[in-house]
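Here's the structure we're looking at; comments come further down.
The values are calculated or read from the model by the stated rules, or taken from the named source; none is laboratory data. Remember, predicted model here, so these are calculated numbers, not experimental data. Neighbour counts run over all protein chains shown; Cβ positions are idealised from the backbone, glycine included. Please note that ligands, DNA and RNA were not included when accessible areas were found on the heavy atoms of the full protein model with its side chains. Shrake-Rupley method; radii C 1.70, N 1.55, O 1.52, S 1.80 Å.
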Amino acid sequence: MWRLNKVHHKAGRPGDSVEELKLKRREHEKALRQARRDRQLVSKRLLLNDDEDQSEVTMDTNSGEQDVVAVLQKLHHSGPERDTHLKALSKALRDPSAQLTFIKQENSMHLLVGLLTGSDATCRLQASTKFTELCLYTLGNLCPDSIVKEKLLAQGIVPALASCLENQRHNLAVVEAVGFTLSQLLQANDAAEKIIPMVLASSLPSHLLSVLTPDPKFGLGPAIECAWCIHYLTCSMKDHRVLLAQGALLQCSSLLVSLGGAVAEGNKEEGMELLICPLLRCVGNLLSSCPLTDLSAQMGDVRIVVALCALLQAFLLTQPALARESAWVLNNLTAHSRALCSALLTLNLVPGLIQLLPFSQGINTMILRVLANIAHNKKDFCVHLAHRGLLSALCATLKMADQEMVTLSMDVIFMLVVSSPQVAEEFVKQGGLSLLEATQYNSEGEIRQRATHLLEHHLLS
């Protein structure tokens, strides 16, 4: 009843079109992620320079495009100098013009896959640790160009990325680079038609999900990139059965439980929000396709609601958008599960939610939907909500200028007062009658009708 109609991603403000919301979200994500990527790539290249034997590399990188073409031709032939040519190409690709030249060369991706999967162990190691990482970030930055994207798809970029993840799953730097490149591909306008079916048919989803365990030594980077990939898959699809069958909901929710516990203990590692955000969106969207009979097995135990409440409280002031995402997932969860509604009551999490009703930016409306989900599930739940202070909070929300909040408040009041005569009496004692009488003069006709119905049929009769 109270679940959002569409959960590809949570609704924005009235008047915002879907395309406008997508554009704003992608611009924000691109700025955050590209800043990280630029800093990280420079850092990695400086470290890698230390073990390069400069005497072996005689190519003048200032010659750019011609050098890339020449070295590519040499790399197509095996020989003792292949390692030297690979180092030279890796160095030349620091030049943006050389990067584009490399991508446009015929079979450039085929060459990369051959280096990763061929029999030459020395070149395969060199490609994995240096050339591949730089090339993957280059590919990721060039993917938004439609011409480059079509060429990459034709040359087998999706199976190449799957091969990278499969063969280099223990090299977290390469895993992170693969995740970044794939996430750029999945943001294409035609991804749902051209790219996502190829990704789902490959081994990529299972490998991406296996990375959703941050490494204490390497950091959050690989998990962040792979989580964004799963998010782009879920928000571009209506049927999530393939991902559900591979345990995507359980994996994402389990990691959220761990992160929520860490945040509750005061651990807010830098960049953690870049992991929490896509995980929240994945869980919220996957819930739309999860059969109710499978929800318990897919979600694990009730610790997920504890984690979501912890995230709500932790990011309420510093990251309100993230708090709103947490409330959205909590709404979708409680719309599906009576057990999770009960958990919010038995774990005494409801008072903390009620305290959030004065907050704006869409947080209070989502919290009120969560409380409505609880009330809608069982009459006893309504009595428990009243005992935890919801009636006085609803008296306050009835006075708000936000018409959606007023409408939702009256719907919850209706469920509470019809659940028990004692609850109705308590509402009257707290001044509910005068508030509803004043609401009969609201500018919105629907609100006036609801107020009149409550008064005449449930409180004055």
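Descriptive notes on the structure:
- If you check LEU391, LEU371, LEU433 for being surrounded by 20 or more Cβ atoms within 10 Å (Cβ to Cβ), out of contact with any Asp or Glu (no Cβ under 7 Å at 6 or more places or on another chain), among the aliphatic types (A, V, I, L, M) and not in a loop (DSSP other than H, G, I, E, B), only one passes: LEU371.
- Filtered by the rule that a residue be open to solvent by 10 Å² or more (accessible area, probe 1.4 Å), in a helix (DSSP H, G or I) and farther than 12 Å from LEU353 by Cα, region 296-309 gives SER296, ALA297, GLN298, MET299, ARG303.
- Number of positions in region 229-277 that are open to solvent by 30 Å² or more (accessible area, probe 1.4 Å), under 13 Å from GLN298 (Cα atoms) and part of a loop (DSSP other than H, G, I, E, B): 1
- Selection count, region 143-180, where residues are assigned to a helix (DSSP H, G or I) and open to solvent by less than 40 Å² (accessible area, probe 1.4 Å): 20
- Just one of (1) touching a residue at least 24 places away in the same chain (Cβ under 8 Å); (2) more than 25 Å from CYS341 (Cα to Cα); (3) open to solvent by 70 Å² or more (accessible area, probe 1.4 Å); (4) among the acidic types (Asp, Glu) fails for ASP402. It is (3).
- Boolean, SER409 is farther than 23 Å from GLY362 by Cα, assigned to a helix (DSSP H, G or I) and either in contact with a Lys or Arg (Cβ under 6 Å, 6 or more places away or on another chain) or at pLDDT 85 or above (or both): no
- Qualifying residue in region 97-112 (condition: modelled with pLDDT under 70 and closer than 22 Å to PRO144 by Cβ): yes
- Flag for LEU312 being assigned to a helix (DSSP H, G or I) and either open to solvent by 20 Å² or more (accessible area, probe 1.4 Å) or closer than 29 Å to MET198 by Cα (or both): no
- Figure legend. Inter-residue proximity from region 422-438: first residues at positive phi, second residues open to solvent by less than 60 Å² (accessible area, probe 1.4 Å), beta-carbon distance below 8 Å, spacing 6+ or different chains. Indicated pairs: GLY431/CYS395.
- Subset of region 406-421 [free of Cβ contacts under 8 Å to residues at least 40 places away in the same chain and buried (at least 16 other Cβ atoms within 10 Å of the Cβ)]: ASP411
- Contact map, region 186-213: first residue open to solvent by less than 60 Å² (accessible area, probe 1.4 Å), second residue outside any helix (DSSP H, G or I) and of a type in the set (A, V, I, L, M, F, W, C), Cβ cut-off under 8 Å, separation 6 or more or different chains; pairs are ALA188/CYS143; ALA192/MET237; ILE195/ALA188; ILE196/MET237.
- Of the candidates PRO320, PRO291, the single residue that is without any contact (Cβ under 8 Å) to a residue 40 or more places away in the chain and either open to solvent by 10 Å² or more (accessible area, probe 1.4 Å) or of a type in the set (Val, Ile, Thr) (or both) is PRO291.
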